[in-house]
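S.K.: Structure provided below as C-alpha cells; questions to follow.
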Amino acid sequence: MKTQIICSLFISGCVIPSYSHTTPYIDATQNSCAKVHCLNMGEVAWSDGFWKDRFDMVIPNVIPAQYDYFMGFSEYNFRIVGDKADPKNGFRGTHWQDGDYYKWLEAQVAVYSVTKDPVLLDLIEEKAALLARSVADDGYITTHTQIGFGLLSEKKKYKNTKRFIAPNQHETYNMGHFLTLATTHYRVTGRRTLIDAAIKVGNFLDSYFKVMTPELTDIDYNPTQIMGLMELYRCTGDKRYMDCANRFISARGQKNGRTENQNDTKLRSEKRAVGHAVLAPVLYIGAADYVAESGDTVLLGALKNIWEDMYLRKASFTGGLGNVHGGPSEKNRNEVVHEAFGYPYHIHSASAYNETCATFYGAYFSWRMFMLTGEVKYLDTMEKAFYNNLSSMGLDGKSYFYTNVLRWHADNHYMLSMDYHNRWTTECACVCCPTSLARFLAETKEYAYAKNDDALYVTLYGSNNIETSIKGQNVAFSQSTDYPWNGNIRMTYKGDKNADFILKLRIPEWADQPQVMVNNESVETQAGTFASVARKWRKGDVVEISLNMKPQIVEANPMVEELRNQVAVSCGPLVYCAEAVDLPNGVEMKDVIIPSDAEFIEKFDKALLGGVRTLTTEALVRKSSFDENNLYSPLKRGYDDFTLKLIPYYAWANRGECEMTVFFPLRW
C-alpha cells in the first residue's frame, strides 16, 4: 500500500516514516481488521460530469468566498497567537472556529493531492506554518482560550483563559480537526510542518486525559479527537495515541451522564443513535477507526446496532440526520437535547433540523462501516446523503443553509433555530457547515473506490481516472458516465497486461434489473450486492454497467405519523421535490396530490439549475382549497388534473424563495 524511502525520522519518541508518494486519507494499517482499504490520495481524479464540476469550483469559488466571509478573521486569530499580532478586539468567532479553519485548509490539501499546483502548495505551507507556531509549548491549541478575550458570534463579549472549563468550549473538537489536517497534510505533501506540531498536540491529549474522570468525560464534547488520534497512531505507529482514543471511547456512560453528548450509556452497550446528531456520528467514526485497528468485536456489534437505529428509524428520506431542534432524551425526560435524533419514527418535514455537518458525518460513519464489513448497504446510504445534502449549498458554492428542511412555507414558514429564508453568506456566525462542504467537495473522490489484496471496489460512480496497485500490479481504469442523470457507466481498463484481480461493482438496492457486461459478455448481477468480475485483464477491456435508473414513488413506514398517506419521489440516489415557481397559476402547494399510479417523463434540461434531469407527471389539485380560517372543516371532494414538475432536492432555493415540498398527499 505504501512506498517508503529508506530513512525514517525520530521525533518526540515516534518513528515516523517518510513517504515517496501520497497515502490514503483514512489509512488503516496493513494489520487492521478492515475488509477493505482506501486508495492513496491522488490516485483518483474526476474527469467530467457531476462531481468534477463541483471539485473544480472549490479553489476558484468556495475557498476564496469563505475566506472573505469568515476564514479571514479566523486566520487572524492564529496570527494573534502564533505571530503576536495586534489583538485588536481579541478573538472573533465561535468556540469551534479553529476546527472549521482546519477543515477549510484540509480542503485545499485535498485539491493539491490531485492538481499538484505549486502556487497552491506555497499558500498551504504558509498557513500550515502559522498553525504550527500557534501550538503552545505543552501542545495545547484553541485560540479563544489562548487569546483569552474577544467576541463570540460577533456579539457576546467574553474573557477566559482557563482550559476545559465547560463542554461547549470545543477544545477537543478543535484539536481533533488539527490532528486530521496534520496527518492529511503529511500524507499528501510529505512535509513535516504540521505533523511535528500534531505530535505535540497528541502528547498533550494523552497526558491531560490520562485518567478519565466524570468531569473530563463530560468536557469531551464533539469528540473529533478520537478519529484524529487514530490517524496520528496510523501515521506514527505510536500506540499511545490509539490507547488514548480508547480511553475517550470507554469513558462514555458516566453515572448521570447527559444524553446530548452520548454519555448516558457505555458505548459498547449502546443500541441507539442518541443525543446531538453531530456529536454522535463523530464519536461513532472514531470508534469505528478504533475497531479497525483493535478488532474489538463488542464495539463493532454496538456500532452496527447504532447504525441500524440511525438510518432505519431516525433519518430523513434525504439521508439527513438530527431531525429535531429540541428533542427528548430516552433516558432522562427532563433533558432537552439540541439537534436531536429524537424518538424512533419521529421524523418531521417543515421543522426538520438536519444540520449539514450531521449528515456528512453520518455518511462518513457509513463509509467506515463499509470498510469494516464490506457490505453494500452502507455505501447506498452514504451516496444518498452525499447527493442530497448538497441542498445546503448554492449552486455557485458561495451561499449556505445550516438546516435542511423537506417542506418550506416561504414567507409563512415558522422559523426555528438556524433556519434562514434564503441561503446565507455572512449572516450566520456558525460556519462549520460551509467548511464541511468545502472539505467534502475536495475529498469526494476518496470515496469512489476501495481495495483489498485481491479486489478493486467501485463504490461511488462518476467519470474519473484511477490508477492504483493490487498485488504489485498496476491497475488503471477510465470511467465515463452521465451519472446521476442515468445509470449507464462504462469503464475501460488501462493497466498492466494480465493483471489478475477482481473488479467489484456496487449495484445499488434501487437498481431495476441491472446488467453488467464485460467485452459484451454478461456477468451475474443482483441489486444490493457487488457484481464481481474476476479475470486476467488486458488493455482495452470494457466493462459496461446498466443500473436502469427509474423514478420511484416511495412511502414512509406507517410508524412515521407525520408522513402517513404521503409519498416522495426519487430516481437513483436523488430525492426530488416541487417548488412553487414551477406550479401553474392558481395551484397552491398544499393542494397538490400525487396519484399512486403516476408515471413520470424524464428530461435533462441543460439550462436549468446548472443542468438537471426533471421529472413531470400528471398530478391532481383540489378543486376547493381548504379554508385556512378553520382548523377543521367538512371534507370537500373533487380534483382537477395538472402537470407537476419536480427537480432534484439538492437544487431547490436557487431561484428565489418559494414554497417547496418533498412529500405529497397520495391518492390511492
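S.K.: Quick check on my filter: what residues within region 272-290 are part of a helix (DSSP H, G or I) and open to solvent by 10 Å² or more (accessible area, probe 1.4 Å)?
M.R.: Within region 272-290, just Tyr290 meets the criteria.
S.K.: Give me the pairs, please: first residue somewhere in region 477-506 and closer than 23 Å to Glu383 by Cα, second residue anywhere and of a type in the set (Asp, Glu) and part of a strand (DSSP E or B), beta-carbon distance under 6 Å, and either six or more positions apart or on two chains.
M.R.: Listed pairs, sorted by first residue: Arg490/Glu544.
S.K.: Right, something else. Is region 198-214 home to any residue that is open to solvent by 10 Å² or more (accessible area, probe 1.4 Å), in contact (Cβ under 8 Å) with a residue 60 or more places away in the chain and under 25 Å from the mean Cα position of the chain (by Cα)?
M.R.: Checked region 198-214: no residue is open to solvent by 10 Å² or more (accessible area, probe 1.4 Å), in contact (Cβ under 8 Å) with a residue 60 or more places away in the chain and under 25 Å from the mean Cα position of the chain (by Cα).
S.K.: Residues in region 294-312: is at least one part of a loop (DSSP other than H, G, I, E, B), farther than 17 Å from Tyr364 by Cβ, out of contact with any Ser or Thr (no Cβ under 7 Å at 6 or more places or on another chain) and not β-branched (Val, Ile, Thr)?
M.R.: yes
S.K.: Quick check on my filter: what residues within region 428-448 are in contact with a Cys (Cβ under 8 Å, 6 or more places away or on another chain) and within 17 Å of Asp53 (Cα to Cα)?
M.R.: Matches in region 428-448: Glu446 only.
S.K.: Can you go through Trp510, Trp537 and tell me which one is among the aromatic types (Phe, Trp, Tyr), more than 22 Å from Tyr649 (Cα to Cα), out of contact with any Leu (no Cβ under 7 Å at 6 or more places or on another chain) and surrounded by 14 or more Cβ atoms within 10 Å (Cβ to Cβ)?
M.R.: Exactly one of Trp510, Trp537 is among the aromatic types (Phe, Trp, Tyr), more than 22 Å from Tyr649 (Cα to Cα), out of contact with any Leu (no Cβ under 7 Å at 6 or more places or on another chain) and surrounded by 14 or more Cβ atoms within 10 Å (Cβ to Cβ), namely Trp537.
S.K.: For the list (1) touching a helix residue (DSSP H, G or I) at 6+ places or on another chain (Cβ under 8 Å); (2) within 22 Å of Tyr361 (Cα to Cα); (3) buried (at least 23 other Cβ atoms within 10 Å of the Cβ), I need the number of the one condition that Asp264 fails.
M.R.: So the condition that Asp264 fails would be (1).
S.K.: Can I ask one more? Where in region 65-172 are there helices (runs of 4 or more DSSP H), lying fully within it, with 3 or more residues that are at pLDDT 95 or above and closer than 30 Å to Thr22 by Cβ?
M.R.: The helices (runs of 4 or more DSSP H) meeting that bar are 72-82, 97-115, 118-134.
Every residue, every condition in (1) surrounded by fewer than 24 Cβ atoms within 10 Å (Cβ to Cβ); (2) outside any loop (DSSP other than H, G, I, E, B); (3) among the charged types (D, E, K, R); (4) touching a strand residue (DSSP E or B) at 6+ places or on another chain (Cβ under 8 Å), yes or no:
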position: Gly327; (1), (2), (3), (4): no, yes, no, yes
position: Glu330; (1), (2), (3), (4): yes, no, yes, no
position: Arg333; (1), (2), (3), (4): yes, no, yes, no
position: Glu339; (1), (2), (3), (4): no, yes, yes, yes
position: Pro344; (1), (2), (3), (4): yes, no, no, no
position: Ile347; (1), (2), (3), (4): no, no, no, no
position: Ser351; (1), (2), (3), (4): yes, no, no, yes
position: Thr359; (1), (2), (3), (4): no, yes, no, no
position: Met369; (1), (2), (3), (4): no, yes, no, no
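S.K.: If you go through region 423-452 one residue at a time, how many are outside any helix (DSSP H, G or I), modelled with pLDDT of 95 or more and under 23 Å from Thr224 (Cβ atoms)?
M.R.: 1
The values are calculated or read from the model by the stated rules, or taken from the named source; none is laboratory data. A quick note: this is a predicted structure, and the numbers were derived from the prediction, not measured. Note that we place each Cβ from the backbone using ideal geometry, even for glycine, and neighbour counts take in every protein chain shown. The accessibility values were calculated without ligands, DNA or RNA, using every heavy atom of the protein model including side chains. Shrake-Rupley method; radii C 1.70, N 1.55, O 1.52, S 1.80 Å.
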